[in-house]
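Peer 1: There's a structure below that I have some questions on.
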Amino acid sequence: MISRNSPARCKIMVLPDLAALSERAAMEFARLALRSSKARRCFTVALAGGSTPMMLYSLLSDEKRYYRYVIPWKWIHFFWGDERCVPFNHPDSNYGMAFKTLLGRVPVPPRNIHPIPVANGDGKRTAQRYAQIMRRHFRAASGGIPKFDLILLGMGEDGHIASLFPGSEALRESRKLVCAVRGVKAPRRRITLTLPVLNNAANIIFLVSGKTKSKSLTDVFLRKNSSGRHPLPAGLVRAEHGKRLWLLDSASAT
Ligand code: 6PG
């Protein structure tokens, strides 16, 4: 039995730069997708938004690289860890970014792509709807928590992950799978998976790049908190039943 915080459960790798970080993330993605598809003919992943994952997504779909030819796209289901409440063709859309860099360039069956349905405008209803979509895919009973094979997460300069920002009420959510929030980073209206879902994942890969992230990284790993509850959202992602891999570039890890 590996303990909750044993090294086997949480690995930190420092790579020279974003290109090396993305290459390592692509290798991990392919390894997990192949292993899961071989065992269960299914691999369910929640994609990260923002800019850091773009190079990873482009690598996975690059016709001049082998990833797109070895990854079993037909068995993979794509969800999102969070989404901005903007149209899919808006430059800030996480779905739009993933479609341009990855999903529109590889043979994933359209029925395997599960975007957060932000078009209907009402945040609360969108969050409920996405929770239903996830439950249906995972065949999770009403109280059950979906178990993603992999969740990709970036981290903001303030230590936020997905759209769970420091001090947000959504960080205290223990029942809902998905919440509508008002973030501090524009676009402010967002939909996000909650910590119960993130912490139930089999694998979490954090992708953190750039010097502006190093202060929060120090806090995540070194700051002890008296209340027993880490003040930064990234510090609350423990993946009790899974493994965490932090992929950092040297600028963020200084
Ligand atoms: C989002 C992301 C968010 C992102 C961090 C880091 O929708 O904005 O989910 O959590 O991962 O803000 O963003 P960068 O990768 O752009 O630094």
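The values are calculated or read from the model by the stated rules, or taken from the named source; none is laboratory data. These numbers come from a predicted model, not from an experiment. Cβ sites come from the backbone with ideal geometry, for glycine too, and all protein chains shown count toward neighbours. Just the protein is used for accessible areas: all its heavy atoms, side chains included, with ligands, DNA and RNA removed. Shrake-Rupley method; radii C 1.70, N 1.55, O 1.52, S 1.80 Å.
Peer 1: Looking at Ser209, Ser168, Ser214 in this structure, which one is closer than 23 Å to Val86 by Cα and either touching a strand residue (DSSP E or B) at 6+ places or on another chain (Cβ under 6 Å) or within 16 Å of the ligand (Cβ to nearest atom) (or both)?
Peer 2: Every option except Ser168 fails the conditions.
Residue-by-condition table, conditions (1) at pLDDT 95 or above; (2) buried (at least 19 other Cβ atoms within 10 Å of the Cβ); (3) aliphatic (A, V, I, L, M):
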| position | (1), (2), (3) |
| --- | --- |
| Ala201 | yes, yes, yes |
| Ser209 | yes, yes, no |
| Ser214 | yes, no, no |
| Arg223 | no, no, no |
| Ala234 | yes, yes, yes |
| Arg238 | no, no, no |
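Peer 1: Another one. Applying the selection to segment 30-53, what residues are within 15 Å of the ligand (Cβ to nearest atom) and either aromatic (Phe, Trp, Tyr) or open to solvent by less than 80 Å² (accessible area, probe 1.4 Å) (or both)?
Peer 2: Of everything in segment 30-53, those that are within 15 Å of the ligand (Cβ to nearest atom) and either aromatic (Phe, Trp, Tyr) or open to solvent by less than 80 Å² (accessible area, probe 1.4 Å) (or both) turn out to be Val45, Ala46, Leu47, Ala48, Gly49, Gly50, Thr52, Pro53.
Peer 1: Answer yes or no as to whether Met97 is within 15 Å of the ligand (Cβ to nearest atom), aliphatic (A, V, I, L, M) and out of contact with any Phe, Trp or Tyr (no Cβ under 9 Å at 6 or more places or on another chain).
Peer 2: no
Peer 1: Looking at segment 218-233, can you tell me whether even one residue there is within 14 Å of the ligand (Cβ to nearest atom) and assigned to a loop (DSSP other than H, G, I, E, B)?
Peer 2: yes
Peer 1: Residues that are crowded, with 19+ Cβ neighbours inside 10 Å, at pLDDT 95 or above and touching a Leu at 6+ places or on another chain (Cβ under 6 Å): find the helices (runs of 4 or more DSSP H) completely inside segment 60-179 holding 1 or more of those.
Peer 2: Ranges flagged: 94-98, 123-138.
Peer 1: Could you tell me whether Arg24 is over 22 Å from Val237 (Cα atoms) and surrounded by fewer than 19 Cβ atoms within 10 Å (Cβ to Cβ)?
Peer 2: So Arg24 does not fit the description; no.
Peer 1: Among the residues of segment 178-196 satisfying the criterion of being of a type in the set (A, V, I, L, M, F, W, C) and touching a helix residue (DSSP H, G or I) at 6+ places or on another chain (Cβ under 8 Å), which is nearest to Arg31 (Cα to Cα)?
Peer 2: Among residues in segment 178-196 that are of a type in the set (A, V, I, L, M, F, W, C) and touching a helix residue (DSSP H, G or I) at 6+ places or on another chain (Cβ under 8 Å), the one nearest to Arg31 (Cα to Cα) is Leu195.
Peer 1: Next up: State which residue pairs qualify: first residue within 17 Å of Leu152 (Cα to Cα) and free of Cβ contacts under 8 Å to residues at least 60 places away in the same chain and inside segment 92-112, second residue surrounded by 19 or more Cβ atoms within 10 Å (Cβ to Cβ) and basic (Lys, Arg) in any location, beta carbons under 8 Å apart, and separation of 6 or more residues or different chains.
Peer 2: Ser93/Arg84; Asn94/Arg84
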